[in-house]
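To start, the structure itself, in structure tokens.
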Protein chains: 4
Amino acid sequence: MRLDELNAANKADFVTALGAIYEHSPWVAEAVANKRPFAALAALNDAMRAVVIAADASRVLALLNAHPDLAGKAARAGAMTADSKAEQGSAGLARLSEREFEEFHRLNESYHKKFGFPFIICVRRHGKESIFRQFERRLGNTIAAERDAALLEIFRIAALRLDQHVSAPDKLAVHGRLTTHALDTHAGIPAADVVVELCELSGAENVLITAGVTDASGRTDEPLIGGRPLPIARYELRFMIGDYFARRGVVRADPPFLDVVPIRFAIAEPEGHYHVPLTVTPWSYATYRGS
Amino acid sequence: MRLDELNAANKADFVTALGAIYEHSPWVAEAVANKRPFAALAALNDAMRAVVIAADASRVLALLNAHPDLAGKAARAGAMTADSKAEQGSAGLARLSEREFEEFHRLNESYHKKFGFPFIICVRRHGKESIFRQFERRLGNTIAAERDAALLEIFRIAALRLDQHVSAPDKLAVHGRLTTHALDTHAGIPAADVVVELCELSGAENVLITAGVTDASGRTDEPLIGGRPLPIARYELRFMIGDYFARRGVVRADPPFLDVVPIRFAIAEPEGHYHVPLTVTPWSYATYRGS
Amino acid sequence: MRLDELNAANKADFVTALGAIYEHSPWVAEAVANKRPFAALAALNDAMRAVVIAADASRVLALLNAHPDLAGKAARAGAMTADSKAEQGSAGLARLSEREFEEFHRLNESYHKKFGFPFIICVRRHGKESIFRQFERRLGNTIAAERDAALLEIFRIAALRLDQHVSAPDKLAVHGRLTTHALDTHAGIPAADVVVELCELSGAENVLITAGVTDASGRTDEPLIGGRPLPIARYELRFMIGDYFARRGVVRADPPFLDVVPIRFAIAEPEGHYHVPLTVTPWSYATYRGS
Amino acid sequence: MRLDELNAANKADFVTALGAIYEHSPWVAEAVANKRPFAALAALNDAMRAVVIAADASRVLALLNAHPDLAGKAARAGAMTADSKAEQGSAGLARLSEREFEEFHRLNESYHKKFGFPFIICVRRHGKESIFRQFERRLGNTIAAERDAALLEIFRIAALRLDQHVSAPDKLAVHGRLTTHALDTHAGIPAADVVVELCELSGAENVLITAGVTDASGRTDEPLIGGRPLPIARYELRFMIGDYFARRGVVRADPPFLDVVPIRFAIAEPEGHYHVPLTVTPWSYATYRGS
């Protein structure tokens, strides 16, 4: 839906459209309906956040409790809002092993018992390992600190949902970007037509996230990840450099000294720009966090 | 047994001692017993090889046929000479999957049918993948070329067996060496106390070959592989660099950009020196085939 | 002057405006005046070149002879067209040593004697050393080959002059670009505020071409050379990296291991893009021809 | 002279032999003559140093004053002990410009006026720039601190003189070492037959210290500097890499992108090991402080 349509809609339609931005909490949308028109998405987002911040403690607690458990029974049963389902799926929480599912169950129970509300995290900003790590860490918080931490995550979730559901001249999110560049320092040219794969590493698991091929400038047409937060996670980039040098006809060993070049790294800033280039010959390579 | 003892032994003892250098073929040792004394192991080796080269075709064929199938029924049943058993085990042929075992069976049959003798290869110079590759390639040879190829392998096997069983002032084998070196280019010093693991990659399998820790000079005390031929294979070296920089107290991201640094490379020259160093900061690294 | 103005001008004004595009040869402009209007600068350039190519041998010889000697008496006396003066000055031919002046004199004499016209080269595409090298090489040409070589240079000169004197929607020249990028792989960030100097090396001489400071992205605001052909020459880039790490407060040796980092390289393609980055810590650095 | 000969000599000969270890101060040798025999050079050195440390203030002042000015009138006139003359010469103090000579004169005067004795420094551990820097810094010391600093330098001088004049089973000095290594990462082999030059940079001056050629392992036969302290100074290593790749027949640009590769660095630890390798292709290179 477009922002100008939301500005023009009657109140009921407005609330229907934005009632799920804050999980099961249409009162947030209701409270800002009369503040229309909003010149930009940022103004709408600020207004909704202000409503939550000004709400009394019991309402905030109800908002917190409106969220489903992470990888909980509702997730298994598919009984979540469409947004929550998509979000939890993006972090791989829909395909947990039995051991992981039990680990989440154990953490959810401990967390509920200590804080009285479910663990909330903007899962689009995390890989599975990072969610576990955050879960463990936040279990150590005081109740007041954890309430603030949960709200911060709710605001992050709301902003991403607004961006996704409302088309407006402005965008809320400062998205991260993961890019690469393959340079053939044997010939002093960009390495073109190199197949590049990106996997997320999770425990001993490797999940292929995307694959691409470098163009004449040695880059992939699109960022490896872009237009969304970069999930905090461990990754492995793989460059099929053996095939590249074979096509170039460079005389090499048999088997070639370098074939698949893996680069393992972690992303810690979901809104950062990670440029991870490769300079490579058949006998050497280098990489670094670039910009 | 020492070379001088072999020189002094009676003929029967000499033949008993060296009867298995050429598989089930004591006639090779017999033929050189009267040429004693041998001043060096190289002279003994040359003499035995000359006997084989001068032998008539039927004797050579018998020698070829005295060898067990690679990963064949004899291997499964444990019914091989001690040397063959140890050799086939070193290349991981003792722990094949059912699929690999059948693949060897199929190759053995095709090979026997075409050449009339079993496939012979100096397995200590190869990893499992390389053995399969050699097998496929040599199946394409002419019979004459393959007979020569098999003899070359038999001479390689014999030289390694002599080195292993006879202690002498000289050694026959020019052994390969795989070494590494970790340099911390963040601090301009060798990276000490870095855990390094070496795996052989075989299909999707990772077999840990050895692990070590770098010393104050950034090197491991011993070569990662040394004192034997380097098996032709794909490898992955892993440097636990995240732990290293954590111990040094360098401020890093969470999770750290670099944690385990993997270097995948292949060895193609069993008698070569492969030096695979790592120069590393928390944000960059480089490697190359050094010397 | 604008292309549309040239299209609308009377013939005399048109010829006056473009009479010097081909040195002292207004007949080239005259011959295309009636072909107006030209939709683009490229069409005008093609038309003028076609006139030269179609001209008879004596006219072409006259055109060749209309050019001044390189660093000749006319240059010394300042008796050249404004274009020639600016062009020869750009390659440092206005500040020759006595020895170099005599060397040019000697080459000019040999060349005249062999070919019957002066040595012509598009000096904006060359540094001083490269001009000498071209001079020596082309002295070995046959007369026919050299006549073609001279015409090619004249067409290059004409295109650059047209670009400079006529403003039009299109540009003729595919200009080269020299850029750099400084990355601090000690901290995993771009190296900002690094002073960078570019010198042209000529014999034992160092001529400062430009200097700049890297911005927050580790790049200079402008290409080090851009908007013109890159003179074929040897260069030295200098990065004041000692000052940079001192400002960052990195503990270093006294004096620091690295202070001024010089990168010496040559440009061979005047229309190419040369990207010469530096990845650097206080103890290491790397560079490569990038893109 | 050999240590055992010194142990056996009569006292007068012993004092004659070692009277100049401490500048114009044979009383130091005299005081240890009766403590003979010395089992090792280290024991002799310790004993002589202990004599100086135990001496009363006036004797120490006399010892300090027995030293010549650095680059002073005595140096100009050649009126110094043989040791001092060789030492000052090694740091290039024998070939000062008029401006540098005056600068030393000015510093010597200021120093004498403040401390009442000449500036003493173990010049074998410094280049010219470093001597100037030390001079300026030590002028800021208190008299007590400076007396200690001067004695430390005298002990360093004495140890180097003992090593030079007395042959013994042990050596006193832990000498520094500057080594290099050229690796061709285009071919994955050591870069052999590469000419390497080492210059000391002093102001705008370049003084060639040594030159060598890499062997089959990519190293120079001898350390670039070894068997002596490494003078604290700025250096430039130059690798003639263009010639190397031309000989290898690698297709390159004209002129080649890389020809002479200069690496500028400083040595700060005279007793350290500096390994400054180069990994290089025709289009890229890297260096680092190795070990």
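Every number here is computed from the coordinates shown, using simple stated rules; none is lab data. Not measured: the values here are computed from a predicted model. All Cβ positions, even for glycine, are placed from backbone atoms using ideal geometry, and neighbour counts span all protein chains on display.
As a ratio to 2.2 N^0.38 Å, the alpha-carbon radius of gyration for region B:3-165 is 1.07.
Considering only A:ARG76, A:ARG248, A:ARG59, the mean-square fluctuation computed in a Gaussian network model of chain A, springs between alpha carbons under 10 angstrom, is largest for A:ARG248. Label points for B:LYS114 are taken 7 Å from Cα along Cα→Cβ. From this copy to the others they lie 6.1, 6.6, 8.7 nm apart, shortest first. Straight-line cross-link partners of A:LYS35 among the lysines, defined as a Cα under 22 Å from its Cα and at least 8 positions apart when in the same chain: A:LYS11, A:LYS171. Which value results when the Cα radius of gyration for region D:17-63 is divided by 2.2 N^0.38 Å? Taking N as the residue count of region D:17-63, the ratio is 1.10. Between A:ILE263, A:ILE21, A:ILE53, the GNM of chain A built on Cα springs shorter than 10 angstrom shows A:ILE53 fluctuating the most. Stokes-Einstein diffusion for chain B, with the hydrodynamic radius set to the Kirkwood value over Cα pairs and evaluated at 37 °C in a medium of 0.692 mPa s, equals 153 µm²/s. Is the protein assembly as shown best put as rounded, prolate or oblate by its Cα gyration tensor, with a ≥ b ≥ c the root eigenvalues, rounded for a/c under 1.5, and otherwise prolate when a/b is larger than b/c, oblate when not? It comes out rounded by the Cα gyration axes.
In chain D, the longest principal axis of the Cα atoms and the axis of helix D:128-138 are about 50 degrees apart. Ordering D:160-170, C:132-142 by mean Cβ neighbour count within 10 Å, with the highest value first, yields D:160-170, C:132-142. Its Cα gyration tensor gives region B:133-279 an equivalent ellipsoid. The semi-axes, each the square root of 5 times an eigenvalue, are 38, 19, 10 Å from largest down. The per residue volume of the convex hull around the alpha-carbon atoms of region C:118-219 is 175 Å³. Summary of the geometry: region D:53-124 and region A:191-268, compared by the centres of their Cα atoms, lie 63 Å apart.
Across the copies of the chain, D:ASP46 has label points (7 Å from Cα along Cα→Cβ) spaced 5.6, 7.7, 9.2 nm apart, shortest distance listed first.
Distance from the A-onto-B rotation axis is smallest for the Cβ of the chain A residue given, in whole Å, as A:ALA286, 2.
Between copies, the label points of D:GLN164, set 7 Å from Cα on the Cα→Cβ line, lie 5.9, 6.2, 7.9 nm apart, reported in increasing order to one decimal in nanometres. Label point of B:ALA50 set 7 angstrom out along Cα-Cβ; within region B:11-30, amide nitrogens under 17 Å from it belong to B:28-30.
Between C:ARG106 and C:THR210, what is the spin-label point distance in nm, taking each point 7 Å from the Cα along the Cα→C-beta axis? According to this spin-label approximation, the distance is 3.6 nm. Computed over the alpha carbons of region C:162-244, Rg followed by Dmax gives 15.6, 49 Å. Peptide D:263-271 has a mean shielding of 4, counted as Cβ atoms of other protein chains within 10 Å of each residue's Cβ.
The calculated FRET efficiency for the pair B:ALA39 and B:LEU61, based on their C-beta separation and a Förster distance of 35 Å, comes to about 0.60. Efficiency by 1/(1 + (r/R0)^6): what FRET value for A:ILE143 and C:ARG248, r their Cβ-Cβ distance, R0 = 51 Å, to the nearest 0.05? About 0.80, to the nearest 0.05. Computing FRET efficiency as 1/(1 + (r/R0)^6) for A:ASP221 and C:ASP221, where r is the C-beta to C-beta distance and R0 is 25 Å, gives about 0.35. Of the cross-linked pairs B:LYS73/B:LYS113; D:LYS85/D:LYS114; A:LYS73/A:LYS114; C:LYS85/C:LYS128, those separated by over 21 Å at the C-alpha level are D:LYS85/D:LYS114. Mean partner shielding of peptide D:177-188, defined as the number of other chain Cβ atoms within 10 Å of each residue Cβ, is 5. Rounded to the nearest 20 debye, the dipole size of region C:160-254 about its Cα centre is 180 debye, using +1 on the Cβ of Lys and Arg and -1 on the Cβ of Asp and Glu. Looking at the protein assembly as shown alone, DSSP beta bridges between its own residues are antiparallel in about 80 percent of cases.
Using a Debye calculation, one point per C-alpha and no hydration shell, please list log10 I(q)/I(0) for region C:198-291 at q = 0.10, 0.13, 0.22, 0.25 Å⁻¹ in order. Each listed q corresponds, in turn, to -0.30, -0.50, -1.25, -1.46.
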